[in-house]
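Report on the following structure.
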Amino acid sequence: MQLFQAAIVARHEEDEARVRSLLTEALEFESEAADSVANDYTLEPTRSVLHRSAASIAFQIGDVKAARRYVEAGLKGNPPLEIKQELIALAQQIKTLKGEQTDHRRKAPRGVTPVKEVIDHYTANAPVDIIALAEALGLSVQQVVLDDPQCSGEIRKDVKKGGFAGFSILVNAQHPRVRRRFTVAHEIAHFLLHRDRIGNRLIDDRMYRSKLGQGREADANRLAGNLLMPAKLLTKFHVEGIRNHEVLAAKFDVSVAALKRRLGIRD
Ligand SMILES: [Zn+2]
């Protein structure tokens with residue numbers, strides 16, 4: 001554990017080589033501890049805590065194989081709900097990272113199957129946990145008071161505070177919740193569609209206008225709507241007879257205006 005903390009300190013000092021070597025050393029200890037209780041299914045929550053710890057460190061040094069092995073082994077036990085959820089979230093992050101590592105060199109990241117799988121996982125139920133989806137894709141989300149109160153949010157390269165993809169999403173904390181959720185979805189869409197054009201930072205104003213231009217902004221808005229209001233859930237609710245706009249908007253935790261746009265209804 002001390003090695004792990006030393007790695008965090010080193011990360012703040014931006015000493016990547018030292019972070020890596022400390023984490024590699026920490027992984028040796030943590031994996032040994034996890035392995036020693038691997039067959040003792042009565043030893044909970046210790047067993048799952050140790051497996052989560054080993055998986056998390058392995059993930060941070062990009063050892064996808066080891067990370068996945070410890071996540072799977074951890075889930076085979078009887079982890080408390082909180083640890084179980086963390087293991088499942090880690091499994092999704094691992095999927096993304098594996099997708100990036102294997103497919104990135106051969107083809108563009110867009111449409112890569114593991115990322116699609118991760119999106120499907122988080123868009124299976126309403127309301128969509130949009131922050132968990134962002135984190136699973138390697139983005140950290142920070143709710144902050146922005147310098148410009150007219151700003152909706154931004155996505156920026158962020159080695160220190162960003163997720164494993166190296167980006168942070170900043171959201172205007174003064175906006176209402178449904179709007180903040182849409183902003184997160186909109187910035188995720190920029191990451192998925194326009195990652196190569198973000199540069200160091202991409203700022204969206206109140207109307208979701210940015211340096212990318214109208215066409216790309218429209219694409220980001222469309223994908224944001226699809227992430228928050230997946231077609232399969234819209235169909236499901238329709239079949240169940242849930243058609244009232246206010247009720248549907250509440251189910252998806254979006255604004256009625258966003259719901260109407262998604263349904264193609266013009267005011
Ligand atoms: Zn935008």
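The values are calculated or read from the model by the stated rules, or taken from the named source; none is laboratory data. Quick caveat, the model's predicted, so the values are computed rather than measured. Ideal geometry is used to build each Cβ from the backbone, glycine not excepted, and the neighbour counts take in all protein chains shown. In case anyone asks, the SASA skips ligands and DNA or RNA and just uses the protein heavy atoms, side chains included. Shrake-Rupley method; radii C 1.70, N 1.55, O 1.52, S 1.80 Å.
Size of the dipole of the chain about the Cα centre, Lys and Arg at +1 and Asp and Glu at -1 on the beta carbon, nothing else charged, in debye to 20?
On the way: 41 positive and 35 negative charges, 272 e Å.
Using only the charged Cβ atoms, the result is roughly 1300 debye.
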Using the 2.2 N^0.38 Å rule of thumb for compact globular proteins, work out how the range 115-267 stacks up: its C-alpha Rg over that value, please. 1.01
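From Cα pairs below 8 angstrom and at least 6 apart in sequence, can you work out the relative contact order of the range 30-98, rounded to a whole percent? Provide the component values of the computation, followed by the final result.
Values: 78 pairs, mean separation 22.1, N = 69.
So the answer I get is 32 percent.
Applying 1/(1 + (r/R0)^6) with R0 = 25 Å to the Cβ-Cβ distance of Thr102 and Glu16, what FRET efficiency is obtained, to the nearest 0.05?
Numbers: r = 23 Å, r/R0 = 0.90.
Calculated transfer efficiency: 0.65.
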Hey, what do the phi angles of the range 252-264 turn into as Karplus ³J(HN,Hα) couplings, whole Hz, using 6.51/-1.76/1.60 and θ = phi - 60°, x for Gly and Pro? 8, 6, 10, 6, 4, 4, 5, 5, 5, 4, 4, 7, x
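How high is the FRET efficiency from Ala132 to Lys161, r the C-beta distance, R0 22 Å, rounded to 0.05? Provide the component values of the computation, followed by the final result.
Working: r = 18 Å, r/R0 = 0.80.
E(calc), rounded to 0.05, equals 0.80.
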What is the spin-label model distance, in nm, from Gln85 to Leu43 if the labels are put 7 Å beyond Cα along the C-beta direction? 2.7
State the extension gain, in nm to one decimal, for the chain segment bounded by Ala6 and Glu117, taking 0.36 nm per residue of separation less the distance between their alpha-carbons. 36.5 nm
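Roughly to the nearest percent, how much of the accessible area of the chain is carbon and sulfur, given a 1.4 Å probe?
On the way: 7410 of 14460 Å².
Carbon plus sulfur share of accessible area: 51 percent.
So what's the back-of-envelope 222 nm ellipticity for the chain, counting only DSSP H runs of four-plus at -39500 (n - 2.57) apiece and dividing by all residues, rounded to 500?
Numbers: 12 runs with 158 residues, N = 267.
Taken over the chain, the calculation gives -19000 deg cm²/dmol.
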3J(HN,Hα) from dihedral phi, the range 88-101, Karplus parametrisation 6.51/-1.76/1.60, rounded to Hz, x for glycine, proline: 5, 4, 5, 4, 5, 4, 4, 4, 4, 4, 5, x, 5, 5
Looking only at the range 249-267, which residues have a backbone nitrogen under 17 Å from a spot 7 Å from the Cα of Arg222 in the C-beta direction? 259-266
For the chain, percent of DSSP beta bridges that are antiparallel (nearest 5) comes out at 60
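At 37 °C and 0.692 mPa s, what whole-number value in µm²/s does Stokes-Einstein give for the translational diffusion of the range 215-267, with Rh from the Kirkwood sum over Cα pairs? Each step should come with its number before you reach the end.
Details: Rh = 11.3 Å.
Diffusion coefficient, whole number: 290 µm²/s.
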Go ahead and run the numbers for FRET between Val144 and Lys211, Cβ-Cβ distance against an R0 of 22 Å, rounding to 0.05. 0.60
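Convert 4 °C to kelvin, take the viscosity as 1.567 mPa s, use the Kirkwood radius over C-alpha pairs of the chain as Rh, and evaluate the Stokes-Einstein diffusion coefficient in µm²/s, rounded to a whole number.
For these conditions, the coefficient is 65 µm²/s.
Would you kindly state how much longer the chain becomes between Glu25 and Ile203 on full extension, computed as 0.36 nm times their sequence separation minus their alpha carbon distance, in nm to one decimal? Could the numbers behind the result be given before it?
Details: separation 178, 0.36 × 178 = 64.08 nm, distance 3.93 nm.
Extending this stretch completely gives an extra 60.2 nm.
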